[in-house]
Amino acid sequence: MTRRFAASIGAALLLALLLWMVLYPLVLVLAEGVRGPEGWTLDHVRRFVGRPTDMRALWGSLWTSVASVALAALLGIPLAFLVGRYDLPGGRVLGGLLALPAVLPPLVGVVAFLFLYGETGFVSLLLMRLLRLEEPPWRLEGAGAILLVHAYSMYVYFYLLVRAALVSLDASQLEAAASLGAGRWRTIRRIVVPHLKPALVGAALLTFMTALGSFSAPYVFGGGFRVMPTQIVATRLNGENQLAMVETASLAALALLALLLFRTGSAGRGGGGRKGAAPSRIVIRRRSARVAAGVLGWGLAALLLLPHLTLVLVSFVPVGTWTTEPLPPVYTVRNYLMLVDDPVRVRPLVNSIWMATVATAGAVAISLAGSLLSARRRTAPRRTIEGLLALPWAVPGTVFAIALATAFSVREPLAGRFVMVGTLWILPLAYLVRNLPITSRAIAAGVRALDPSLDEAAASLGAGRARTLRRVTIPLLRPALLAGASLAFVTAFGDFVTSIMLYTYDTRPISLEILSSLRQADVGVAAAYGVVLMLVSAVVFALGSGQGRGGNAG
Amino acid sequence: MSAFLTVEGLTKRFDRTVAVDDVTLSLSGGEMLALLGPSGSGKTTMLRLLAGFETPDAGRVLVEGENVTRVEPVHRRFGMVFQHYALFPHLDVAENVGFGLESLGVRGTELGERVTRALALVDLAGLDGRRVDQLSGGQQQRVALARALAPEPRVLLLDEPLSNLDPTLRERTRREIRDLIRRVGITTVLVTHEQDEAFELGDRVAVLRGGRLEQVGTPDELYAAPANRFVGGFVGRSSVIPVTVLGPTEWGTRISVEGVEWEVERPAGQPVMLPGAALLLARPEALRLGDDPQAIAGTVTGRRFTGPSSFFTMLTASGATLEVVAPPAAVREGERVGILPSRRAAGGLHLFPAEQP
């Protein structure tokens, strides 16, 4: 009885904490948008609707997001089939390389694109020399540039999800179809596509939400083309806070609407678990076809990895030595040394590490508590807890940053509001909240996979709650906890969207230092930071997912 | 013998369904009781109520007179072997077996000794450091038994102990479990849906249906004197045919079946049945094949060969199906032959009121 009571208290505390840090700031933003000097008002909403720039930005957000989904699908699905279904030379390595953009923080991708395709970029200069042009062949600006970056960084969702679904296809189903006289196309249409549908819908949703919330690419490449996240920042810079609130609310509404549409669209049953063996890869017999497929796969991989490679290359070039040559004439490690030698340059590294660590620890603790409570206790308000843990995912980063900035810039302890903006704690809090969905999803999956009778076995052997948690639950959840933690750390470590709205000089993270280095034309240092960000992310990510393969029977 | 474990009026509801309905039972010390029933009969819920994983809506569980109904599983000191064993996959064999002992504060050399002893008991000496996923199904089951027994619990609970084993392994394991539990002398409750298992492992068998206790008794009692048609049909092989009760005779009941008259023995203590419609439950060995004026006519529709004898499925004129045991070559499929009560088998024919389900 007392144990059940304690669990209820725990659930209530967790619920209160989540309401306070997830829902409350969003509600405050919504309220701020409809509040005037005396009471409620719709003035700001009316101004928003009547402003052409706002309407254009809203429309821009919508269509670029839809176009990003189409482009990412166009790139990702064929790659998934190529790697997942065909036996290519070096297929395993290729498969891994193609997943790399998943760990590339958005801003680093944008910067890499700038180095590659920008006006003074590697490829642009090469083309100018080859074609003897006076001007760069293109300008990396506007909607086209944004879409290019989006397609490049978001094809990964389609690629990874579709590839996983292809692997989970039951070979005997394909054989059954063949024995029932279905040809290749009928098999694809009637068996493979329905099996892939959940993956396709999931990838489309993921891409749409990421594109809708995307900030780095529009911020750097947008130029005169505005999408809602950049529009919100501009409006705030103009000091029109309440209009910015309405804009924020409109973006949140768009995101939630999309989520709702996808939910109703994907009501069909998923592929579910597989019983049989995965189909073996198709071996291409004709030599010419085999070479062509290999060239296509590796060629695309090279094209997609070019930004990473460029970043690495630029990070070894001393400032101002590489102007018109196709390859840099001089190399140096000075850019890296500067990161550690110069106290001003070390600071962002240290900041990003401690803030990401704190945010990760918090997100893991809250996610674990939430997952355990909602899995074990029928009494706990589990749907509410699960919903609150997932909510930040549906809200674009800019919206959350504004919401936190609004909620925690005044001191009203009785209303649960404290001044955190401008302090050390606002960024870790922002990272933490933004990480809750991804972390809790990883951990909840681990908790669901736990056999509940293990808990009961421990209890019948006289182990109390604490001992069971320490000796049984946490050791068994280790892979899920590490996976959740690594995802959280990587996201927080490379964050740009929330950071740019909430940072102070003392808490400036790596991403902002990259931006300011670029502004000061310190290209080599910016690239070095980018490489560090990329490497740390890749290593942490690999650690987390490598642990996921550990034994977890029972 | 006085009762060691007593269950009084135990009731458990889930939403609107009653999983366990007013069950009262008692076990003497060292006794093995098998809870037998089809799926959904509430036998697993019974076991979970005993273990303390579920809290009853009514009733009590007593161990040596102590009321443990509200005692948490952690403090109940009931050992449990789970259907899928629930071994801790990240701990090795010795750590699994020692887990409950550590809860009791056993440490150091004593811990090691008692783990070794428990493993020797289940014939797994020397496997201490093995990972549990490297063990065979039978070994895993024995580790689960050793783990449950090591802290010397007051009662041992087994949930479908053999359901996860290879059929060829089951019979041997059944005997091993029985011998082991006899040796330890622990009061045991086990759940099963297989009557062979219940008969071999249980000193007594409790038959459950829809959460209600239908009958409890030794296997012989259940077979020879089923309390109702359900127990008769669930325990042992049998077939059922509608009959009309004509009236009592000196030692039994006169009935009319398919136009002929039979006499059925009445067990001692059972009330006289009133004339009218009834059901006759017949064991295969209580019937025989033969031509006789008292025989009912039947057609052979199937044969199940079991070696020394065969079970013949017979279709009667009224459309009832009866199973009769006879020598393998007695009749051929499609043949018409009479069915009679067997002279030797006493107690293989049971009458139940027709309205009883």
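The values are calculated or read from the model by the stated rules, or taken from the named source; none is laboratory data. Note that the structure is a prediction, hence the values are computed from the model and not measured. Every residue, glycine as well, gets a Cβ built from its backbone with ideal geometry; the counts of neighbours run over all protein chains shown. In case anyone asks, the SASA skips ligands and DNA or RNA and just uses the protein heavy atoms, side chains included. Shrake-Rupley method; radii C 1.70, N 1.55, O 1.52, S 1.80 Å.
Quick notes
- Boolean, B:E54 is more than 9 Å from every other protein chain (Cβ to nearest Cβ), surrounded by 15 or more Cβ atoms within 10 Å (Cβ to Cβ) and among the charged types (D, E, K, R): yes
- Here A:V532, A:V536, A:V523, A:V490 are screened, and the one residue that is more than 20 Å from the chain's Cα centre (by Cα) and in contact (Cβ under 8 Å) with a residue 12 or more places away in the chain is A:V523.
- Considering the conditions (1) more than 10 Å from chain A (Cβ to nearest Cβ); (2) farther than 18 Å from B:V184 by Cβ; (3) surrounded by 17 or more Cβ atoms within 10 Å (Cβ to Cβ), B:L121 is excluded by exactly one of them, (2).
- Against the conditions (1) touching a residue at least 24 places away in the same chain (Cβ under 8 Å); (2) more than 14 Å from chain A (Cβ to nearest Cβ); (3) open to solvent by 40 Å² or more (accessible area, probe 1.4 Å); (4) of a type outside the set (G, A, S), B:Q140 satisfies every one except (2).
- Among the residues of region B:63-71, not a single one is hydroxyl-bearing (S, T, Y), within 14 Å of chain A (Cβ to nearest Cβ) and open to solvent by 20 Å² or more (accessible area, probe 1.4 Å).
- Residues in region A:220-276 that are at pLDDT 85 or above, of a type in the set (S, T, N, Q) and more than 30 Å from A:L518 (Cα to Cα): A:S250 alone.
- Against the numbered list (1) more than 20 Å from the chain's Cα centre (by Cα); (2) open to solvent by 70 Å² or more (accessible area, probe 1.4 Å), A:L23 comes up short only at (2).
- Selected residue (only one of A:G446, A:G397 is more than 18 Å from the chain's Cα centre (by Cα), open to solvent by less than 20 Å² (accessible area, probe 1.4 Å) and in contact (Cβ under 8 Å) with a residue 24 or more places away in the chain): A:G446
- Test: residue in region A:301-320 that is of a type in the set (V, I, T), within 25 Å of A:V149 (Cβ to Cβ) and touching a Phe, Trp or Tyr at 6+ places or on another chain (Cβ under 6 Å): yes
- Among the conditions (1) within 30 Å of B:L49 (Cα to Cα); (2) facing another protein chain (nearest Cβ under 10 Å); (3) open to solvent by 10 Å² or more (accessible area, probe 1.4 Å), the only one that A:R478 does not satisfy is (1).
- Restricted to region B:72-93, and to residues there that are surrounded by fewer than 20 Cβ atoms within 10 Å (Cβ to Cβ) and of a type in the set (A, V, I, L, M, F, W, C), the residue that is farthest from the other protein chains (Cβ to nearest Cβ) is B:L91.
- Summed over region B:1-41, residues that are farther than 19 Å from B:T218 by Cβ and open to solvent by less than 10 Å² (accessible area, probe 1.4 Å) total 3.
- The combined condition, being part of a strand (DSSP E or B), among the β-branched types (V, I, T) and surrounded by fewer than 18 Cβ atoms within 10 Å (Cβ to Cβ), is not fulfilled by B:T313.
- Selection over region A:416-431 of residues that are touching a helix residue (DSSP H, G or I) at 6+ places or on another chain (Cβ under 7 Å), of a type in the set (V, I, T) and open to solvent by less than 50 Å² (accessible area, probe 1.4 Å) gives a count of 1.
- Number of positions in region B:188-214 that are buried (at least 21 other Cβ atoms within 10 Å of the Cβ) and either of a type in the set (S, T, N, Q) or not assigned by TED's automatic domain parsing to the domain that holds B:F78 (or both): 2
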